[in-house]
Every structure is written in C-alpha cells, then in structure tokens.
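K.L.:
If you scroll down you'll find the structure; I have some questions about it.
The values are calculated or read from the model by the stated rules, or taken from the named source; none is laboratory data. Given the structure is predicted, the values throughout are model-derived calculations rather than measurements. In this analysis, Cβ positions are derived from the backbone assuming ideal geometry, glycine residues included, and neighbour counts consider all displayed protein chains. Just so you know, the surface numbers come from the protein's heavy atoms only, side chains and all, with ligands and any DNA or RNA stripped out. Shrake-Rupley method; radii C 1.70, N 1.55, O 1.52, S 1.80 Å.
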Amino acid sequence: MTENELTFKAKSTIKSADLEHRQKINFNIGKYNSGVPKAKQQFEDNNLVKERAKNIKWRALETLDQNLEEFEMHFTKRGGKVIWAQNSQEALDEILTICKEKHCKSIVKSKSMVTEEIHLNHFLEKNGIESIVTDLGEYIQQLDGEPPYHIVTPAMHKSKEDVARLFSEKLGTPSKLSPEELTLVAREKLREKYIQAEIGITGANFVIADVGGIALTENEGNARLSSAWPKTHIAIVGIEKMIPSVTDLALLWPLLATYGTGQKVTVYSSIITGPRQPGEADGPEEMYVIFLDNNRTDILANARQRESLYCIRCGACLNVCPVYKNIGGHSYGTTYSGPIGSVITPNLQGLEEYKHLSYASSLCGACTEVCPVKINLHELLLVNRNASVEEGMTSFSEKMAWKVWKLVSLKRGLMNMGNGNLISKVVNKLFKNWDEYHAPLEFSKKTFNEMWKEHRELK
Ligand code: SF4
C-alpha cells in the first residue's frame, strides 16, 4: 500500500465518522440541490442539451491541435503571448521569469484549479512574491492555510460561524460578524491588493479557438479585477479547456452555471481576447496565456480515458457522490476530488500512486447521471481499475484470492465442498481487510445443488 493510499484511508475513516462535518456538507449541498432543478427549467430538453455540450467538447478535443493553433494565431495578432508548458515546473519557471521582468512583489489571483495543481502560491511565496487569492471562498481557505475543499465551492465545509471565527483570529474582526459583514471586510482588504499588484493571474473556464480569447465566468467580479487592474495579466489553463467557437458559449455558460451553482447564468461573464488595445479604456498592458499539459496529452492519447477531458469543472459529480459527501474533499489529498478527481488524478499524477481513488466508489452511477457533458465517470473508474490490474499493480493476496475464486467457480464439485459457514469464513479472510470496511460476506448455508434438489423433490 502506498503512502498516499494509507493517508487516504486514515483521513477518510476519521472524516466519515465526523457528524458535524457531515451536517455542514449536507446543509451546503442542500442549498445547491434546491437551486439546480429551478435553473434546469431554462432548458426544454435537458438530455439534448447535455448531448450537445458533449459533442462540442468532443469536437474540441478531436481537433485540439488545430484549435490550439487557431487560438494562438488570433490571440497573438492582438498582442497576446502564448507559452506552452509541458509540466508544472515549466509553468512555474515561466511565471517566475515574467515576475522577475516586471519586478513583481505582489500578485492577485482569481480562482483557478490549475494554479492549485501546480502549487503556484507556495512557489511564489518561496520566491518572495505575495500572492493573494481574490475569490472569497479561496480567500477564506488561504487565511486558514488550507487548499480548496471543492472545485467550485472552496470553503464548502465551513459554516458562517467558522468563517467569522477565522476572520476574528486572523484579521482581528469582532467574532460574530454576519456573512454580509464578513464579505465587506474581505472586500476592503482585497481592494487594496488589486491596487498594489503588478500582475494578475486567472484561470479560464473555456478557451475559444475562433476568436482567440479566454472565457471567465464568476459571481464576485474578482476575476475581472484581477485580470484588468494590474498591468500584466497571466491566464494559466489546461489545454483541454478548448472550445471551437464563441457561439458554443451560448450553451456552455448557462449549462455550467446551472450544474455548478444552480444559477441560470453566472453574474459576471467575460471574454478576454488580449491586452488592452489602442483606444480601449481598461485592461492590462500585457497578457500571457500559459497552456499546461501536465500529462493531459497522455489522457488524450488514451481512447478509453479521453472523454474525461470533456470536464467543464462544474462540481456536480462531487455534490451527488455518496463517497465525497461522507469523506469530504480534503481526504482525497489531491487537487481534483470527487468522482472526476478519482478518474483523472491517477492519469495525471500516476496510476501506481493514485489507483486507490478509483476503488473509492460505490459505482452507483450518480456522477454519470448528473454530468452535464455526459462523461461516463463510473465506467472510467472501472477503466482505471482495469488498467491497474493489467499493469500488475494488485497485491499478491488479491491475485491469489481471484485465482482460487475462479478455480472453485468453474468446478461444481469444489463449490459443493464445505458448508456455508465455512465458505463465509474462508472468503472473508481470503479478501484481506474485506470485513474491516464492509459487512462480512454471508454465503448461503446450503449449496445450489442442495437447494435445487429440494426444489425438485417438492414438485
Ligand atoms: S465530470 Fe461532469 S459533473 Fe463532474 S465536474 Fe466535470 S463536468 Fe461537472
């Protein structure tokens, strides 16, 4: 068992018994659950909308090379600069080079999972650059020294009382402030940071090939401020965020809002196609887009796993997952948690180290059912499991258990040997740790042959 797997099991065991945690999560997901059905009413045929969204992402990924080139052509024509980063280190080095050129001491950063993936804040801090996260949920997490708990709602596991206590401890505010008052405190602190920052960093919800722009959607306006106020804007995105056309946003923006937050459309939606142009009133003097690969091209090359790149990071699969709701986002120990995290992390960061996540699922299929781009998440978990078996990553005891199982299942005489109690005992012990995490398997007291015989005699 790897260190990561041991940590995952230990953290999950503790968290799943934490009733206060469960109550907070259920409360916050409950609010989400009440919004989504209303927002969905904007679509006449939900299934059709999801099919279309999947087709858009399919088209974008099947022609990704052309789309990336098309983006670069349009974006650079307007003065933007494109950087290609094969891995986290390359992306970090490029960002540091820009920071040094600009004599940057302070950065404002809007919400971006890719920056979490490359551990940007930690890197900047080590290099003496202050990086303040401007999304309220992430700001709360940064104050608390914790990574985001959820890909859309970073502080989902905290109650308003927890946040008031945190602000009081870290910022010296009165300990019982209301959510509105807390927001005003954060707003005031952050406004100063926008003015000081030399560089603004954002992610992108979508990258649009035919206009050479990035699409940002948010509820707080902080991504707009982070991208437009500082003199330099860096957007860092995974290559899979591509969509072919700006017209695709007519479907993808409301879809993301509906499944992400239960809104018809998010409050602020921006398309940024480069730095400030002559005659324009605002915007940065320079703009960079850094495309991050970080093993995404390996997923692209894998015909069975490719569709996991269609993800639009709405977080809906996390909200319906019975495993996520019990063990929480931090137990995964990864940037991307929940079903989509369990599918992509083993492929982004190594199957050997993260294959255990693919087993942390009841395979109920709720994630697949809810996904707005129809990713067959529960099947992809099986694909990961299959890959780990094919690559010989199963333990000796598991291999032996299945060998014995196969041998016995193919021989009626062996199946009829022993009684139910004995078989239950042997099988529960054979599958190591089975009864530590599951109810023990209980085999029928009589064999199938015995029951069949009795049935025939009764007739
Ligand atoms: S896999 Fe689907 S449901 Fe999960 S975050 Fe991505 S788009 Fe949303």
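K.L.:
For the stretch 408-426, does any single residue satisfy the condition of being away from the ligand (no atom under 16 Å from the Cβ), within 23 Å of residue 11 (Cα to Cα) and open to solvent by 30 Å² or more (accessible area, probe 1.4 Å)?
P.N.:
Step one: filter the stretch 408-426 for residues away from the ligand (no atom under 16 Å from the Cβ), giving 408-426.
From what's left, within 23 Å of residue 11 (Cα to Cα): none.
No, the stretch 408-426 has no match at all.
K.L.:
Continuing with this model, one more query. From the residues in the stretch 241-285 that are touching a strand residue (DSSP E or B) at 6+ places or on another chain (Cβ under 6 Å) and more than 29 Å from residue 308 (Cβ to Cβ), which one is surrounded by the most Cβ atoms within 10 Å (Cβ to Cβ)?
P.N.:
Selected residue: 274.
K.L.:
Go through the residues of the stretch 274-295 one by one and say whether even a single one is touching a Pro at 6+ places or on another chain (Cβ under 9 Å), in contact (Cβ under 8 Å) with a residue 12 or more places away in the chain and among the polar types (S, T, N, Q).
P.N.:
no
K.L.:
Continuing with this model, one more query. Going by the conditions given, is residue 325 within 16 Å of the ligand (Cβ to nearest atom) and open to solvent by 30 Å² or more (accessible area, probe 1.4 Å)?
P.N.:
Numbers: within 16 Å of the ligand (Cβ to nearest atom): yes; open to solvent by 30 Å² or more (accessible area, probe 1.4 Å): yes.
Yes; evaluated as a whole, the condition is true for this residue.
K.L.:
Considering only the stretch 286-317, how many residues are open to solvent by 30 Å² or more (accessible area, probe 1.4 Å), touching a strand residue (DSSP E or B) at 6+ places or on another chain (Cβ under 9 Å) and within 16 Å of the ligand (Cβ to nearest atom)? Explain how you work it out, then say what you get.
P.N.:
Residues of the stretch 286-317 open to solvent by 30 Å² or more (accessible area, probe 1.4 Å): 286, 295, 297-298, 300-304, 306-307, 313.
Now drop any that are not touching a strand residue (DSSP E or B) at 6+ places or on another chain (Cβ under 9 Å), which leaves 286.
Narrowing further to those that are within 16 Å of the ligand (Cβ to nearest atom): none.
So the count comes out to 0.
K.L.:
Please go through the stretch 386-415 and give me each residue that is closer than 20 Å to residue 357 by Cα and among the aliphatic types (A, V, I, L, M), ordered by number.
P.N.:
387, 389, 393
K.L.:
Now for a different question. Can you tell me which condition residue 168 does not meet? The list is (1) farther than 23 Å from residue 313 by Cα; (2) in contact with a Lys or Arg (Cβ under 9 Å, 6 or more places away or on another chain); (3) touching a residue at least 12 places away in the same chain (Cβ under 8 Å), and all the others hold.
P.N.:
Exception for residue 168: condition (3).
K.L.:
With respect to residue 404, determine if the residue is in contact (Cβ under 8 Å) with a residue 12 or more places away in the chain, open to solvent by less than 90 Å² (accessible area, probe 1.4 Å) and β-branched (Val, Ile, Thr). Steps first, answer last, please.
P.N.:
Details: in contact (Cβ under 8 Å) with a residue 12 or more places away in the chain: yes; open to solvent by less than 90 Å² (accessible area, probe 1.4 Å): yes; β-branched (Val, Ile, Thr): yes.
Yes.
K.L.:
Does the stretch 382-401 hold any residues that are exposed (fewer than 12 other Cβ atoms within 10 Å of the Cβ) and either touching a Gly at 6+ places or on another chain (Cβ under 6 Å) or part of a loop (DSSP other than H, G, I, E, B) (or both), and which are they?
P.N.:
If the condition is that a residue be exposed (fewer than 12 other Cβ atoms within 10 Å of the Cβ) and either touching a Gly at 6+ places or on another chain (Cβ under 6 Å) or part of a loop (DSSP other than H, G, I, E, B) (or both), then 391, 392, 395 are the ones that fit.
K.L.:
If you take the residues in the stretch 355-376 that are over 11 Å from residue 322 (Cβ atoms) and not in a loop (DSSP other than H, G, I, E, B), which one is nearest to the ligand (Cβ to nearest atom)?
P.N.:
So the residue we want is 370.
K.L.:
Can you tell me which residue in the stretch 16-53 is farthest from residue 318 (Cα to Cα), limited to those that are open to solvent by 70 Å² or more (accessible area, probe 1.4 Å) and of a type in the set (D, E, K, R)?
P.N.:
44
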